[in-house]
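Working notes, beginning with the structure itself.
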Amino acid sequence: MTSAERTPLRSATPAVPHPGPPHPPGTFDSVVRRMRGVGARLPQGDGVAVFGRVYLSVTVELQRRLESGWFSDRASAEELGARFAGRFLAAVGAHAAGHRPPASWRPLFQMRRHPYVRPLQFALAGINAHVGYDLPLALLATCEARQTEPEALEGDFERVGDLLTLLEERIREELMPGPDVLDVADPLTHLLGSWSLEMARSGAWMAFRALWGLRVQPELAGEFAEGLDASVGLAGRCLLTPLPCADRAHGGDATRRSSGHGA
């Protein structure tokens, strides 16, 4: 038996970049309070706030389902949910403190006030970062902490996936431009078609399994996680492509106001 094979599970945690808090960020009550605080501190149109508002509503729904017994293993699901939400809160905290957030989140923080990025783009870029990068690491940390195998989380991972679908539906319902705006000629139509939540969920599970398999090789695991972070960030940057026609999507009066012709 090699020394790597004799390494205990806890000490074999991959040296992934930006690992976030080593423990769950507390109860779901504390998670919800912290998320409300983030929303209260940010302007209404801020891109991070746009994502945070919808994510908060789904986090509250997750809390309700935990209490109703919807998950097969409440303790594991609650820890996964807390770690998952904690990674978003950690990214917000890092940026507020002047530190660099993970590459997956960086485009959203950089573009959060761009006048030609629409609210729907901000929200989808948030889902992209949260599912594509945060979810695999939250799954990994939960398995490590509970000393369990990935298969033990698979059922509740699917249930969390149902909530993520709810998140996407709410984002589209609340932020999708009307049918008179979003048509085949609108660049936003093409951006929406370039990203799939289902593919992101599938990719998150595969990334988690890969990191789990590499847990006894921390250097390789770190390289894999760093590459994952960068690739998710690249997709986010594409989702946040400025669309010069955004002023028309908001009534067409932005240009008139800036040039002094508005009311």
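Here are the numbers for this structure:
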| read-out | value |
| --- | --- |
| Residues that are small (Gly, Ala, Ser), in a loop (DSSP other than H, G, I, E, B), open to solvent by 20 Å² or more (accessible area, probe 1.4 Å) and closer than 21 Å to Ala235 by Cβ, drawn from the stretch 88-113 | Ala103 |
| Which listed residue is more than 25 Å from Trp205 (Cα to Cα), at pLDDT 90 or above and either open to solvent by 10 Å² or more (accessible area, probe 1.4 Å) or assigned to a helix (DSSP H, G or I) (or both), from Ala85, Ala49 | Ala49 |
| From Glu223, Glu173, Glu168, Glu198, residue being of a type in the set (D, E, K, R), part of a helix (DSSP H, G or I) and touching a residue at least 24 places away in the same chain (Cβ under 8 Å) | Glu168 |
| Answer residue from the stretch 170-203, given it is loosely packed, with under 13 Cβ neighbours inside 10 Å and of a type in the set (A, V, I, L, M) and is modelled with the highest pLDDT among those | Met199 |
| Hey, Val117 of a type in the set (Val, Ile, Thr) and over 17 Å from the mean Cα position of the chain (by Cα) or not | yes |
| Residue list for the stretch 59-82, filter: open to solvent by 10 Å² or more (accessible area, probe 1.4 Å) and aliphatic (A, V, I, L, M) | Val60, Leu62, Ala75 |
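The values are calculated or read from the model by the stated rules, or taken from the named source; none is laboratory data. No experiment lies behind these values; they were computed from the predicted model shown. With ideal geometry, Cβ positions are generated from the backbone for all residues, glycine too; neighbour counts draw on all protein chains shown. The area values use the complete protein model at the heavy-atom level, side chains included, leaving out ligands, DNA and RNA. Shrake-Rupley method; radii C 1.70, N 1.55, O 1.52, S 1.80 Å.
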